[in-house]
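Here the structure is laid out as structure tokens; the discussion comes afterwards.
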Amino acid sequence: MTPNTDLNLPLFERAKAVIPGGVNSPVRAFNAVGGTPRFVQRAQGAYFWDANAQQFTDYIGSWGPMILGHGHPEVLAAVQQAALDGFSFGAPTEREVTLAEKLIALLPSMEMVRLVSSGTEATMSAIRLARGFTGRKKIIKFNGCYHGHSDALLVKAGSGLATFGNATSAGVTLEAVQDTLVLEYNDIAQLEEAFQLYGEQLACVMIEPIAGNMNFVRASAEFTRRIRELCSQHGALLVYDEVMTGFRVALGCAQSVYAKQIPGFAPDITVLGKVIGGGMPMAAFGARREIMEKLSPLGPVYQAGTLSGNPIATACGLKTLELISQPGFHDKLGRQTGRLMAGLAQAAHEAGLPFSTDYEGGLFGFFFLPELPTTYAEVMRTDGQRFNKFYHGMLERGHYFAPALYEAGFVSAAHTDADIDQTIEAARAVFKTL
Ligand SMILES: *Cc1c(COP(=O)(O)O)cnc(C)c1O
């Protein structure tokens, strides 16, 4: 498409005049891959259409929430009915209780849960709760994990364990990040050293159990077991940020995947988002009763929200959770994702390209690397130019992947065998040009 016929371009120009960078969340701006973002006009099932009315097969699904595909008729009906009954009350509703009961039934590690409106809000509140519960202030996070944009989490590693984090954003004070220690993902020796130095001062360790914000990198079972042991020994809480993995990788979330390998495994606090709202602003954090009872109005840790547990969002989330709870849902989703990954890997190998893939349920990652990476530094060894060329080749052919090599991909229940085969065929053609 030439610039003067691309109708996304004038929209982007208009947007840039009134919204910083033309977008309301940075990755949408295509800065990593270059070019003009596609302005979505509408979506249905596994597809969306941009300003040129070009159809794309969507492998982002709003970065995870659209696990049933866009516009599922039963979800749509639930949202429409809820809207007729009122948009927001600032008073409790039955659906909030039903949703809390549903979440607790699906996650044995959770006895109580608080609903909020975004993943950022949920992770931020989980840290406050961990600090309030333990009476300690230091926290550990891992390089390459994203936990939303609250101040204490916008931080990268300092030089060595003696120095705490450096802010990754202007406007974040030294004081806001000075209690955040940033460690390498999957590095057991460094984790042990950190606990030796700071174990008795640690309120919590927060981790993405399968990191979906550095493409797709699993925490090894050994690493996970060691984090659990060290947290228990030192009285720090283990916070699982399952905003992305929750109900997407398995009905029991990523913690159920690890519980299969580590008998008795469970985190202390779980943070949820994305899928639980089915595309509406909704997130949550929960834990065992003893921890959750520290929250206001029961306990001293303050937390609140005007739109928390919004009636339309709870209707959308509940119907989504109900539909994905059907027997075999995640097995089938995993088979579709596996089919896509196997097809891409085969096509890449035929083209003589280094390529590795991994997936769990409806979450996937692929790398132009011969071996799967296990740390952020290894992820960033991917050939960025090759990825960008692949990205634009696929985009031209109508297949929409994440516009950055450090993001994961998403398959929905609406993706058919034919959709996936077409994507593999398109990739086969694009791989030959790399
Ligand atoms: C998306 C995400 C968040 C932030 O959620 P928002 O709703 O965008 O604020 C936090 N943690 C993880 C793991 C995420 O993927």
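The values are calculated or read from the model by the stated rules, or taken from the named source; none is laboratory data. As the structure is a prediction and not an experimental result, all values here were calculated from the model. Methodologically, a virtual Cβ is constructed for each residue, glycine included, from the backbone with ideal geometry; neighbour enumeration extends over all protein chains shown. Note: areas computed on protein heavy atoms with side chains; ligands, DNA, RNA excluded. Shrake-Rupley method; radii C 1.70, N 1.55, O 1.52, S 1.80 Å.
In region 143-156 there is no residue matching the filter, namely being among the hydroxyl-bearing types (Ser, Thr, Tyr), over 21 Å from TYR240 (Cβ atoms) and open to solvent by 40 Å² or more (accessible area, probe 1.4 Å). Reported count of residues in region 248-274, each being in a loop (DSSP other than H, G, I, E, B), within 13 Å of the ligand (Cβ to nearest atom) and hydrophobic (A, V, I, L, M, F, W, C), is 1. Residue-level analysis places ALA91 among those that are farther than 14 Å from GLY278 by Cα, away from the ligand (no atom under 16 Å from the Cβ), open to solvent by 50 Å² or more (accessible area, probe 1.4 Å) and modelled with pLDDT of 95 or more.
Only one entry of HIS392, HIS415 meets the criterion of being out of contact with any strand residue (DSSP E or B) (no Cβ under 6 Å at 6 or more places or on another chain) and buried (at least 18 other Cβ atoms within 10 Å of the Cβ), and that entry is HIS415.
Selection of region 34-59 for residues being under 20 Å from the mean Cα position of the chain (by Cα) and hydrophobic (A, V, I, L, M, F, W, C) yields only ALA46.
Only one of the numbered conditions (1) over 20 Å from the mean Cα position of the chain (by Cα); (2) surrounded by fewer than 17 Cβ atoms within 10 Å (Cβ to Cβ) is violated by THR382, and that is (2). Just so you know, in region 23-60 the residues that are open to solvent by 10 Å² or more (accessible area, probe 1.4 Å) and at positive phi include one that is farthest from the ligand (Cβ to nearest atom), and it is ALA53.
With the condition kept exactly as written, say whether any residue in region 322-339 is within 16 Å of the ligand (Cβ to nearest atom) and open to solvent by less than 10 Å² (accessible area, probe 1.4 Å). The answer is no; no qualifying residue exists. For region 1-27, a residue qualifies if it is free of Cβ contacts under 8 Å to residues at least 12 places away in the same chain and charged (D, E, K, R), and the qualifying residues are GLU13, ARG14, LYS16. Within region 60-74, the set of residues being farther than 18 Å from ALA418 by Cα and either in a strand (DSSP E or B) or over 18 Å from the mean Cα position of the chain (by Cα) (or both) comprises GLY71, HIS72, PRO73, GLU74.
State whether one or more residues within region 235-243 are more than 13 Å from the ligand (Cβ to nearest atom), open to solvent by less than 10 Å² (accessible area, probe 1.4 Å), in contact with a helix residue (DSSP H, G or I) (Cβ under 9 Å, 6 or more places away or on another chain) and assigned to a loop (DSSP other than H, G, I, E, B). Scanning region 235-243, I find at least one residue that is more than 13 Å from the ligand (Cβ to nearest atom), open to solvent by less than 10 Å² (accessible area, probe 1.4 Å), in contact with a helix residue (DSSP H, G or I) (Cβ under 9 Å, 6 or more places away or on another chain) and assigned to a loop (DSSP other than H, G, I, E, B), so the answer is yes. The strands (runs of 3 or more DSSP E) found wholly in region 275-373 and carrying at least 1 residues that are of a type outside the set (Ser, Thr, Tyr) and more than 21 Å from PHE401 (Cα to Cα) occupy 283-287. Taken over region 374-404, the criterion of being within 26 Å of GLY45 (Cα to Cα), of a type in the set (Ser, Thr, Tyr) and part of a helix (DSSP H, G or I) is satisfied by TYR391 alone.
In the set (1) touching a strand residue (DSSP E or B) at 6+ places or on another chain (Cβ under 7 Å); (2) in a helix (DSSP H, G or I), ALA78 fails one condition alone, (1).
Taking the conditions exactly as written (open to solvent by less than 50 Å² (accessible area, probe 1.4 Å), aromatic (Phe, Trp, Tyr) and within 16 Å of the ligand (Cβ to nearest atom)), does PHE216 satisfy them or not? Yes: the conditions hold for PHE216.
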